[in-house]
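Have a look at this one before I ask anything.
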Amino acid sequence: MRDDRKPFRDAHQDIDYAKHLPNTPQAQSPAYRLAFADQDFLTRDELRPVRLQLELLKPEMGLDEHGIKSTVVLFGGARIPRPEDRDGARSDALRDMSKYYEEARAFARVITERSVATDCSENVIVTGGGPGVMEAGNRGAADAGGCSIGLNIVLPHEQEPNHYVTPELCFNFHYFGIRKMHFLMRAKAIAVFPGGFGTMDETFEALTLIQTGRMEQVPVLLFGEAFWREIINWDALVRAGTISADDLNLFRFVETAQEALDVIDGWTLSGKRGEIPGR
């Protein structure tokens with residue numbers, strides 16, 4: 001039966017038809033390939049704007065199709081070991097940080113228990129999809145019997161999704177910028193565990209968007225106050241005048257999953273900032 005909503009020939013039909021073209025110089029020429037089915041064409045430098053759009057669209061459509069309305073983001077180090085693997089950590093500090101694997105897992109489990117009550121449409125855990133804290137987040141969601149999202153990215157070294165990400169919600173990215181957008185587009189809270197350059201990049205991107213009023217003032221939870229105060233002198237930034245004292249209210253230090261939940265449940269900042277304090 002003809003579908004009146006689709007009066008035109010389906011693109012899949014033409015792709016299949018093109019596989020059976022005659023073996024002539026004209027039909028087999030790269031110029032004759034359908035543009036949307038021509039990988040060599042799509043990967044040209046001039047097509048970067050199109051690829052950026054596709055990379056924004058594919059996960060967006062996938063999340064919409066699964067009814068994902070809001071997320072809780074977990075950022076954190078890929079090198080933080082599971083507690084059972086802590087003795088093989090590359091440093092004493094990383095060995096001691098294995099406790100954050102358990103806290104991330106516990107936090108994700110409780111958040112997902114709430115998410116399951118909404119048929120996994122609200123407060124769905126999203127991680128970078130890799131090992132360490134990311135694995136712990138997806139694992140905690142699996143412990144609760146819920147779904148979770150993984151936003152992987154292609155890296156020069158091996159990078160595969162951890163086995164706890166919901167397969168239908170496991171996406172792969174080429175562009176860091178588009179990936180970061182997807183982390184935050186549905187975010188209702190952001191939990192950040194100790195990590196390296198990637199964690200810092202993601203964290204300060206989110207704080208900058210919130211500080212400048214480009215994003216809602218959602219709870220930002222920094223696990224491990226001693227770690228964060230050692231690597232970032234927040235008070236020095238205030239004294240220097242490069243940030244305002246009010247900017248320090250945009251996040252909270254926590255140590256445990258329960259403390260993080262208490263902050264989320266008691267969060268009072270709402271909406272987007274109308275002005276930047278200190279400007």
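Taken together, the values in this text are just the output of simple stated rules run on the coordinates, not laboratory data. From a predicted model like this one, the values you see are computed outputs, not experimental measurements. A quick note on method: Cβ atoms are made from the backbone with ideal geometry, for glycine too, and the neighbour counts reach across all protein chains shown.
Among Thr112, Thr166, Thr24, which one moves the most in a GNM of the chain with springs linking Cα atoms closer than 10 Å?
Checking each option, the largest mean-square fluctuation is seen for Thr24.
What is the total of Lys pairs in the chain with C-alpha atoms under 18 Å apart, excluding same-chain pairs fewer than 8 positions apart? Please report the intermediate quantities before stating the final value.
Details: Lys58/Lys69; Lys58/Lys180; Lys69/Lys180; Lys69/Lys188; Lys180/Lys188; Lys188/Lys272.
Lysine pair count for the chain: 6.
Helix 48-65 versus the longest principal axis of the chain: what is the Cα-based angle in degrees, 0 to 90, to the nearest 10?
Tilt relative to the chain: about 70 degrees.
What label, among (i) 40, 22, 20; (ii) 30, 24, 16; (iii) 26, 24, 19, belongs to semi-axes √(5λ) of the Cα gyration tensor in Å computed from the structure on display?
It is the one labelled (i).
Highest GNM mean-square fluctuation, the chain, Cα pairs closer than 10 Å: which of Val192, Val154, Val165?
Val154
Rounded to the nearest 500, what is the chain's calculated 222 nm mean residue ellipticity when only DSSP H runs of at least 4 contribute -39500 (n - 2.57) each, over all residues? The partial results should precede the final answer.
Numbers: 11 runs with 112 residues, N = 279.
The helix contribution divided over the chain gives -12000 deg cm²/dmol.
Among Leu184, Leu56, Leu42, which one shows the highest mean-square fluctuation when the chain is modelled as a Gaussian network with alpha-carbon springs under 10 Å?
Leu42
Using the crude model of +1 on Lys and Arg Cβ and -1 on Asp and Glu Cβ, and no other charge, please compute the dipole size for the chain relative to its Cα centre, in debye to 20. Intermediate values should be presented prior to the final figure.
Working: 32 positive and 42 negative charges, 119 e Å.
Its charge dipole is roughly 580 debye.
While we're looking at this one, here's another question. Pop out the ³J(HN,Hα) list for the stretch 125-139 in order, Karplus 6.51 cos²θ - 1.76 cosθ + 1.60 with θ = phi - 60°, rounded to Hz; leave Gly and Pro as x.
5, 10, 10, x, x, x, x, x, 4, 4, 4, 4, x, 5, 5
Simple spin-label model, 7 Å along Cα-to-Cβ: Ile15 to Ala31 in nm?
Inter-label distance under the simple model: 2.5 nm.
Please report Phe251, Phe41 as a ranked list, fewest other C-beta atoms within 10 angstrom at the top and most at the bottom. Could you put the intermediate results ahead of the total?
Details: Phe251 20, Phe41 16.
The fewest-first ordering by Cβ neighbours comes to Phe41, Phe251.
Return the whole-Å distance between the Cα centroid of the stretch 245-279 and the Cα centroid of the stretch 160-205.
After rounding, the separation between the Cα centres reads 20 Å.
Given a Förster distance of 22 Å, report the FRET efficiency between Trp234 and Arg279 from their Cβ-Cβ distance, rounded to the nearest 0.05.
0.75
Does the stretch 57-165 come out rounded, prolate or oblate, given a ≥ b ≥ c as the square roots of the eigenvalues of its C-alpha gyration tensor, rounded meaning a/c under 1.5 and, failing that, prolate meaning a/b above b/c? Walk me through the numbers on the way to the answer.
Working: a/c = 2.93, a/b = 1.52, b/c = 1.93.
Cα axes put the stretch 57-165 in the oblate bin.
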